[in-house]
Amino acid sequence: VRKDLTGYSFNISKASIYCLLCDFENAKNILQAIKESKLVQSFSIVSSKVKYHEAIAFFGLKNYNKSQIILSQKTEIEKDKEGWNVWIRIMRLLCSIEMLKLNMIDYDIESFRKYLERTSKQYEVRDRDKLILRVLLELDRQDYDFSETAKEVNDELEKLKSTDKKYAWNPDSPELILFHDWFEAKRLKKEYEPNFEVYRSAMRSEGMSE
């Protein structure tokens, strides 16, 4: 059993990499091949991670409705209040924005704000996630005009793009759609394409300084 679970965990990690590389079709195929396994279904934490990654794959394939349906299912990983739960909520919001379901989204963003406020009293919420909330709040105030929002939250966006460890994207986090690159793609009305070169450069610089 342990050996089989290790194999499934490896496949989930592989699906993560495919998602980060925007190879969402391959990610979906891997996940759909393992999600019906009785062993996967019997371990709720593994099953819930498969579902989350599958939702990301559908998001990347622009099937936002399917992604949101999966993200709306209650799963074991939501018990991770400051990690997985935060990103399930953020991805639900991004799905609504992509589908232009804007009539109720101000309520959802306010609900997310209250959730982070409550959670930060008991857990250590990432500074990056707090910045993302600020951007989403401003985006709502600007009626989802990405260009106008960018002017108002330029400092926040620059921090999100940076390699400052306090705000930078963490490859070990559930953030498989890089928020700042998604925002920039929406602002420029182009396809989402994450930029990993900034992180590679930072790693090279750190290596040279040691």
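The values are calculated or read from the model by the stated rules, or taken from the named source; none is laboratory data. No experiment lies behind these values; they were computed from the predicted model shown. A quick note on method: Cβ atoms are made from the backbone with ideal geometry, for glycine too, and the neighbour counts reach across all protein chains shown. The accessibility values were calculated without ligands, DNA or RNA, using every heavy atom of the protein model including side chains. Shrake-Rupley method; radii C 1.70, N 1.55, O 1.52, S 1.80 Å.
For this structure, a couple of remarks:
- For region 8-144, the relative contact order comes to 17 percent (Cα pairs under 8 Å, sequence separation of at least 6).
- For region 137-210 versus region 48-79, the spacing of their alpha-carbon centroids is 22 Å.
- FRET efficiency estimate (nearest 0.05) - Cβ-Cβ, GLU158 to ALA185, R0 22 angstrom: 0.85
- For the pair LYS121 and GLU76 in one chain, pulling the backbone fully straight at 0.36 nm per residue adds 14.0 nm over the alpha carbon distance.
- Counting only DSSP H runs of at least 4 residues, each contributing -39500 (n - 2.57), and dividing by the residue count of the chain, the helix-based mean residue ellipticity at 222 nm comes to -21000 deg cm²/dmol.
- Dimensionless Rg/Rh of the chain - Kirkwood Rh, Rg from C-alpha atoms: 0.96
- In this structure region 89-210 gives 58 Å² per residue of accessible area when probed at 1.4 Å with all protein chains present.
- Across all directions, the shadow cast by the convex hull of region 36-148 built on its C-alpha atoms averages 7.6 square nanometres.
- Neighbour cut-off at most 13 other Cβ (10 Å), DSSP loop, trypsin sites (Lys or Arg not before Pro), region 118-210: LYS121, LYS165, LYS166, LYS189, LYS190
- The chain, accessible surface, carbon-and-sulfur percent (1.4 angstrom probe): 48 percent
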